[in-house]
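K.L.:
Supplied in structure tokens, the structure appears directly below.
No value in this document is a laboratory result; all are computed from the given coordinates. A quick note: this is a predicted structure, and the numbers were derived from the prediction, not measured. Here the Cβ is made from the backbone with ideal geometry for all residues, glycine too, and neighbour counts use every protein chain on show.
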């Protein structure tokens with residue numbers, strides 16, 4: 001009678017041993033085992049809440065770590081089913097049936113999502129300092145957003161940073177709600193003093209028609225408004241209520257013809273993609289100012305910022321921003337020149353030490369602008385120039401480009417020496433360098449005239465000729481500490 005083989009003592013065959021060896025090679029060590037829980041919780045804080053919760057299945061060590069994160073992000077799009085995500089991301093539909101299909105699908109998902117927010121907030125056990133909500137219009141129509149914020153700020157007293165973003169719906173869900181209710185609720189209503197305890201607030205894609213929620217915002221240091229519809233009266237009321245505001249950004253927003261910013265606590269101001277008739281900035285303590293694609297007549301601009309140290313001005317950074325009604329995008333020379341004329345008693349840019357701008361060194365009109373700026377900013381130490389990748393329409397509206405070519409190439413050789421170039425300028429960076437004669441002429445001007453220069457960085461989108469690099473090495477250097485660095489994208 002043959003003996004039965006014992007599975008516990010059965011010999012290991014070559015095939016089973018090979019499979020184990022192959023599996024052991026495929027399995028990589030878990031480097032997270034040695035990390036403390038607070039580090040893992042910090043990692044999870046960079047994920048949306050649905051992704052952070054799903055990490056609980058990785059191991060027992062990850063279980064419930066999401067409850068200890070310092071930041072929580074609720075994103076309704078990531079909580080939708082794949083088919084619903086596809087429908088919601090499609091281009092606008094003309095068919096009412098398609099609109100209803102998308103509306104019904106999104107409504108069901110948002111309803112489930114809305115109920116999940118409350119238990120997640122209540123089950124979060126650690127100190128929560130930051131929270132972000134990304135939602136659709138449905139959440140505004142039924143007041144979900146307002147309820148979330150009320151619960152959040154009631155049970156999580158430590159929240160100081162809040163971000164609210166309403167996803168665009170391409171008009172489809174909007175049509176669905178309007179067909180049912182015959183009214184469109186786009187304006188979130190927050191009770192007075194809702195944001196009073198926040199230090200940082202970001203609002204994206206809303207219509208704001210009252211400033212009461214900002215009453216008592218004495219702790220608010222940072223405010224970012226993006227894709228907003230807001231008039232100048234409401235905006236002025238918001239800034240008036242934020243007495244301690246230090247960092248303010250207004251981006252891609254409409255609803256106002258005049259933009260008047262008067263705030264003595266502001267230190268950083270960013271304005272981007274705006275079209276106004278009048279722009280006034282009066283901030284005694286402002287240190288950093290950024291203008292990006294601002295459409296406004298030069299005579300409507302007034303800047304009074306005596307303590308400004310850093311100024312960034314761009315007019316070519318966004319390809320989709322075009323001139324409107326014959327008005328061109330505001331350029332830095334126009335900003336500086338008109339502000340100096342409006343406040344002739346003193347140069348409001350006298351303390352400017354860092355300047356960043358986009359400018360075409362191959363265009364005579366813009367080269368003249370740069371020279372005027374260098375004359376005005378006598379304390380300038382850092383200069384960054386970004387050459388435009390494309391030709392903006394406003395360039396072709398000017399007649400400067402038809403002037404004789406030698407005038408441009410010899411411009412820097414003929415002009416008088418700027419004080420800031422000779423005595424102050426230390427760092428220069430030129431992006432998008434192509435090696436044209438005009439661009440090379442400007443670099444040679446800096447090398448031979450700037451006695452305090454420490455570093456010139458030239459960033460090119462393509463390889464430069466060896467002759468261009470050797471040419472710079474042959475130019476007599478005014479500064480013994482100068483280094484020239486070449487970088488290629």
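K.L.:
Subtract the Cα-Cα distance of residue 267 and residue 422 from 0.36 nm times their separation in residues, and report this length gain in nm to one decimal.
P.N.:
52.9 nm
K.L.:
Return the Cα extents of segment 216-315 along principal axes one, two and three, sorted largest first, each rounded to a whole Å.
P.N.:
34, 30, 19
K.L.:
Per-residue counts of other Cβ atoms within 10 Å, averaged by peptide: what ranking do you get for 372-379, 41-48, highest first? It would help to have the intermediate numbers written out before the result.
P.N.:
Details: 372-379: 19.1, 41-48: 17.1.
Packing proxy ranking, top to bottom: 372-379, 41-48.
K.L.:
Follow-up question, since we're still on this one. Would you mind calculating the gained length between residue 489 and residue 196 on full extension (0.36 nm times residue separation, minus the Cα-Cα distance), in nm to one decimal?
P.N.:
100.9 nm
K.L.:
Let me have the relative contact order for segment 252-301, percent, based on Cα pairs under 8 Å that are six or more residues apart.
P.N.:
Over segment 252-301, the number comes to 40 percent.
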